[in-house]
Amino acid sequence: MNISLRQLKVFESVARLLSFTRAATELHLTQPAVSIQIRQLEENVGLPLFENIGKRIYLTDTGKDLYGVCETVLGALSRFEMDAADRRGLKTGKLRLAVTTTAKYFVPRLLGPFCERYPGIEVSLKVTNQSSLLERLAHNEDDLYILGQPPKHLAVKAQPFMENRLVMLAPPDHPLVGQRNIPLQRFAAEWLLMREAGSGTRQSTERFFAERGVAIRERMTLGSNEAIKQAVMGKLGLAVLSHNTVVLEIAVGQIAVLDVEGFPILRHWQLVYPAEKRLSVVAQAFFDFLNEPAEPVAGPAV
């Protein structure tokens with residue numbers, strides 16, 4: 001069989017993503033170009049590698065076997081290329097990083113110094129919601145993932161690397177602003193603005209109140225941190241968000257942090273990857289970089 005390395009790379013992307021369109025985007029190719037490579041590969045193999053069922057594609061048994069070969073061959077080649085560059089005193093390659101929407105407020109400030117240290121590394125940053133990120137993690141679409149809580153239903157390795165403080169927010173002229181150690185029961189009378197179902201922030205907030213026997217009065221469900229902040233400033237209710245997301249608004253007096261009994265809710269940002277995954281040289285470099293002793297990037301304390 002006359003199988004080219006280019007065909008294997010295209011096949012690996014399609015097989016991993018189970019989508020010609022997403023593979024084309026990832027490889028910076030047109031979809032017809034991807035289809036041509038797969039068709040030529042199937043002609044070389046002499047058997048179909050994919051089958052269409054409805055609107056989705058699936059690997060055939062032959063495709064599954066070839067995907068295993070791809071993971072071995074391309075993985076070994078990638079490690080060799082990066083090991084060779086590492087021995088030359090360089091770090092080159094690509095880092096595919098996926099983060100939750102809340103993490104977008106601080107991850108670029110981590111990537112800046114990292115890219116300065118390793119200018120030969122190209123970083124691809126995917127910002128998405130919790131459910132989409134977990135789907136990407138399940139399909140091993142990226143090198144590393146940053147999220148608030150490691151999933152319990154997936155076999156992963158997780159390393160905490162930075163505090164993530166959830167704080168109670170209010171408009172600056174709210175009657176509770178300035179009060180000390182506000183009893184949690186007081187919030188049974190307040191309207192709360194909540195993130196969407198599946199959000200890590202929502203899960204932590206609901207668990208915190210439930211464990212203390214305080215019912216939440218939810219006025220509105222909003223799908224982004226930005227929408228929550230605007231709603232707080234619009235005096236639609238109070239909200240619990242990561243302090244990382246509101247550093248600027250607090251600094252200019254647009255939002256206030258309340259001194260509430262039991263707050264802040266202390267969590268940690270986690271660096272996560274599949275348990276069976278062997279990190280590339282580049283991914284390991286970023287992993288080590290995040291775990292170096294460093295100045296906090298979360299802004300002033302509350």
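The values are calculated or read from the model by the stated rules, or taken from the named source; none is laboratory data. What you are looking at is a predicted structure, and each value in this text was computed from that prediction instead of being measured. Using ideal geometry, Cβ is built from the backbone for each residue, glycine included, and neighbour counts are taken over all protein chains shown.
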Checked region 251-302 for anything over 22 Å from the mean Cα position of the chain (by Cα), at pLDDT 90 or above and of a type in the set (Val, Ile, Thr); matches are VAL252, ILE255, VAL257, VAL260
Does LEU49 count as in contact with a Gly (Cβ under 7 Å, 6 or more places away or on another chain) and buried (at least 18 other Cβ atoms within 10 Å of the Cβ)? yes
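Determine whether region 234-249 contains at least one residue that is outside any helix (DSSP H, G or I), at pLDDT below 90 and not basic (Lys, Arg).
Of region 234-249, the ones outside any helix (DSSP H, G or I) are 234-242, 246.
From what is left, the residues that are at pLDDT below 90 are none.
No.
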Qualifying residues in region 93-139 (those that are within 17 Å of the chain's Cα centre (by Cα) and β-branched (Val, Ile, Thr)) - the one nearest to SER242 (Cα to Cα): THR102
I'm told ALA98 meets every condition in (1) small (Gly, Ala, Ser); (2) surrounded by fewer than 21 Cβ atoms within 10 Å (Cβ to Cβ); (3) under 11 Å from VAL272 (Cα atoms) except one. Can you identify the failing condition by its number? (2)
Please go through region 194-222 and give me each residue that is surrounded by 12 or more Cβ atoms within 10 Å (Cβ to Cβ), touching a helix residue (DSSP H, G or I) at 6+ places or on another chain (Cβ under 9 Å) and either farther than 20 Å from ARG267 by Cα or in the same structural domain as VAL99 (by TED's automatic domain parsing) (or both), ordered by number. VAL214, ILE216, ARG217, ARG219, MET220, THR221, LEU222
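Does region 134-154 contain any residue that is closer than 26 Å to PHE209 by Cα and part of a helix (DSSP H, G or I)?
In the first step, residues of region 134-154 are kept if they are closer than 26 Å to PHE209 by Cα; the result is 134, 146-153.
Subset that is part of a helix (DSSP H, G or I): 134.
Looking for residues that are closer than 26 Å to PHE209 by Cα and part of a helix (DSSP H, G or I), one finds at least one in region 134-154, hence yes.
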Tally time: how many residues in region 44-69 are under 18 Å from ARG22 (Cα atoms), part of a loop (DSSP other than H, G, I, E, B) and in contact with a Leu (Cβ under 7 Å, 6 or more places away or on another chain)? 1
Enumerate the pairs (first residue in region 177-196 and farther than 16 Å from ARG217 by Cβ; second residue anywhere and among the polar types (S, T, N, Q)) with beta-carbon separation below 6 Å, excluding pairs fewer than 6 apart on the same chain, so at least 6 apart or on different chains. GLU196/THR221
Region 75-93 - residue that is of a type in the set (A, V, I, L, M) and modelled with pLDDT of 65 or more and, of those, surrounded by the most Cβ atoms within 10 Å (Cβ to Cβ): MET82
